[in-house]
Each structure stands twice: as C-alpha cells, then as structure tokens.
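One structure is given below, represented as structure tokens, and several questions about it will come after.
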Amino acid sequence: MSGDISAVQQPRILLEERFELGECPNWDGDNSRLYWADIIGRKIHALDIETGQRHSWSFESEVGCFGLTDHGRLVVALKSDIVLFDPKTGEREKLAAVDSDNDMSRTNDGKIGPDGAFWVGTMDQNIDKQPVASLYRVTGKGQVEHKAGGIKISNGLAWSPDGRIMYHSDSRGPWVNRWNFDAKTGAIGNCQRFLDLDDTVGRPDGAAVDMEGCYWSAGVSAGKLNRFAPDGTLLLSIDMPMPNPTMPCFGGADMKTLYVTSHMENYPAEKRDEFPDAGKLVMLRVDVAGVPVNRFREGG
C-alpha cells in the first residue's frame, strides 16, 4: 500500500473556468466524459475528455448531487426533489423528494451504492449548523428510506472495493463513520467511528475509495486531498492549488486519474483575486486505480 508522494503526480488545472461551488464529479467511462455540478450555479456540467467539448444544463434549484443510471440518464438531487434527467434530450421526470417540508434543508453529497440505489444526504443551511440533516436511500421505484439522522452536513459517501463497507461523513462533525453494508438490500449496521478530523488536517467533504481500500477525502478546510488506509492511518496529504477542494472521483481509461472539484463560495473579491485557482477543477495521476462508482438501477 503506497503512501509515497513520489508515486503521485502533482495536481494540475483541468479547466480555467471557475465555479462557485463545484461538487460531485462523476466519471462516465462509456463516453470518456467527466460530469460535475455547480451547486449554487444550479447547473450540471460535462467535459468530453478526448475532444474537449463542454456541455452544461441548468436546473430550477440547487443541484446537490447526482449519479449515472443504467439507462444513460442522470439521477439528480435538486433542493429536495429527486429527478431523472436525460442529457441528450433535456427531459426531466420527478422520481421522489426528501426533506421537502424543511425550507432550510437542501440535498448535499450523494452517490450510487453497490445496491443500485441513490444515497442522498442533506444539510442544514442555517449559519449555526444544527444536527437536523439526514441520509436517505432512494430506489429506482421512487421509494425513500431514512437511513441516518443527527447530521449537520451529510458528506463523504463511498464504498469499499467489495461493497461491504459504506463510509459516510459529517463535514461539521467533523467525523467519518463506517457501516457494514448489504449490497443486496441496502441494509446498514454496526456503525463505527472511522476518523475524527479537524480544520488542520481538513474537515471531510466528498470522498472516493481506491482498489486498495483506501479512503480519499477532500480536506475542504485545509486545501488538502487526504488518503487514509482502511485502519484510519493517514498515508498521504496532497496540497491542492486552492484553499477549498470539495470532492474527488476516479476516472480515465485505467481509473488512475483523480478529478477534484473546488469552491469559492462566500469569497470576497480580494480572496478571489488572491486565489485565482479557487473554484477550478484539477486532475492528478495516482499509482492505484479507483473503485468504479455504481449506476442507478432505474425501476429497481
């Protein structure tokens, strides 16, 4: 298991565009396409890696997170609605809703699990974040299950290579938990504390897991991308070219390219000038492949 920085290329800027709150990178290996969201910009963006062609789609509310489906569509978590979206036609179909009765809640981090369901977390939008957010499981039939509560900002979803462990964080905990996971039923249990973090190491934002079972976490408060061993040991901490990286995902033909989003939310003009790479996407090559993210099973 490598923790050697020499085995990792230094991050480089992928695009010169800046995004207010870049999040949720998703790799589409079938089309060599990288998707990501600008939550505040209310858009999903895409870049065809081989051709450099850019695409963007606008939505009526914040785009908390999304994933790819087994029918070539995207399943998208808006402020509270979960919709199926066809990037080819622009057609949208409402599937479900979460926390729709709470105006100060919105969806945040989410990912497709080994069970083929869309796991969606919410966050408290009040300044003094309270533990009122939750983690939900949304199926292709539109069924919504409440899975965990008492969260301030749900984040950091990722699964072990064998699909038997689910990682989940609270950015304002700041902690990462690990759960036993049943890929057939989506049942979770035996929650254990995996990491207790701080602002210096980096509060845990979005995450990904590699084939060695290591957990890559965007240290959003520290300008770091951190790699933790399955036992919680910090193996690697990579300085990013911006103060607030938000989420990594693995991609590329060999799944050894990390794409990382970032934000410049609430930056005054002086800080935007001081950190010209804030809000941009970066990429870096690593020496271990990532675990491919699952696809949402429509109708399942």
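The values are calculated or read from the model by the stated rules, or taken from the named source; none is laboratory data. Small disclaimer: the values here were computed from a predicted structure and weren't measured. Glycine gets a Cβ as well: all are built from the backbone with ideal geometry, and neighbour counts include every protein chain shown.
Do you know which residues across the range 200-220 are farther than 19 Å from PRO241 by Cβ and either surrounded by fewer than 20 Cβ atoms within 10 Å (Cβ to Cβ) or modelled with pLDDT under 95 (or both)?
Listed by number, the residues that qualify are MET211, GLU212, GLY213.
Here's something else I'd like to know. Find the strands (runs of 3 or more DSSP E) located wholly in the range 78-136 whose residues include 3 or more that are within 30 Å of HIS55 (Cα to Cα) and without any contact (Cβ under 8 Å) to a residue 24 or more places away in the chain, and list them.
Output list reads 92-97.
Take the residues in the range 258-282 that are touching a strand residue (DSSP E or B) at 6+ places or on another chain (Cβ under 6 Å) and hydroxyl-bearing (Ser, Thr, Tyr); name whichever of them is farthest from ALA208 (Cα to Cα).
Here the answer is SER262.
Looking at the range 260-274, I want the residues that are under 16 Å from GLU23 (Cβ atoms) and have a partner that is among the acidic types (Asp, Glu) and assigned to a strand (DSSP E or B) with Cβ atoms under 7 Å, at least 6 apart or on another chain. Which pairs are those?
Short answer, once both residue conditions are applied: THR261/GLU23.
So which residues in the range 219-255 are of a type in the set (A, V, I, L, M) and under 20 Å from TRP179 (Cα atoms), if there are any at all?
ALA229, LEU234, listed by residue number.
Follow-up. Just the residues that are among the small types (Gly, Ala, Ser), over 24 Å from TRP119 (Cα atoms) and assigned to a loop (DSSP other than H, G, I, E, B), please, taken from the range 253-294.
If the condition is that a residue be among the small types (Gly, Ala, Ser), over 24 Å from TRP119 (Cα atoms) and assigned to a loop (DSSP other than H, G, I, E, B), then ALA253, ALA278, GLY279 are the ones that fit.
Please pick out the residue among PHE118, PHE19 that is farther than 24 Å from MET242 by Cβ, surrounded by 22 or more Cβ atoms within 10 Å (Cβ to Cβ) and not basic (Lys, Arg).
PHE118
Right, another one. Write out, first by first residue and then by second, each pair whose Cβ atoms fall under 9 Å of each other, whose residues are 6+ apart or on separate chains, and whose first residue, in the range 45-62, is under 16 Å from VAL83 (Cα atoms) while the second is part of a loop (DSSP other than H, G, I, E, B) and among the hydroxyl-bearing types (Ser, Thr, Tyr).
Sorted first by the residue in the range 45-62, then by its partner, the pairs are SER61/SER80.
Any idea which residue in the range 221-260 is farthest from ALA289 (Cα to Cα), counting only those that are among the β-branched types (Val, Ile, Thr) and surrounded by 24 or more Cβ atoms within 10 Å (Cβ to Cβ)?
This residue is THR246.
Just the residues that are within 20 Å of GLY113 (Cβ to Cβ) and assigned to a strand (DSSP E or B), please, taken from the range 203-227.
Hits for the range 203-227 are PRO204, ASP205, GLY206, ALA207, ALA208, VAL209, ASP210, TYR215, TRP216, SER217, ALA218.
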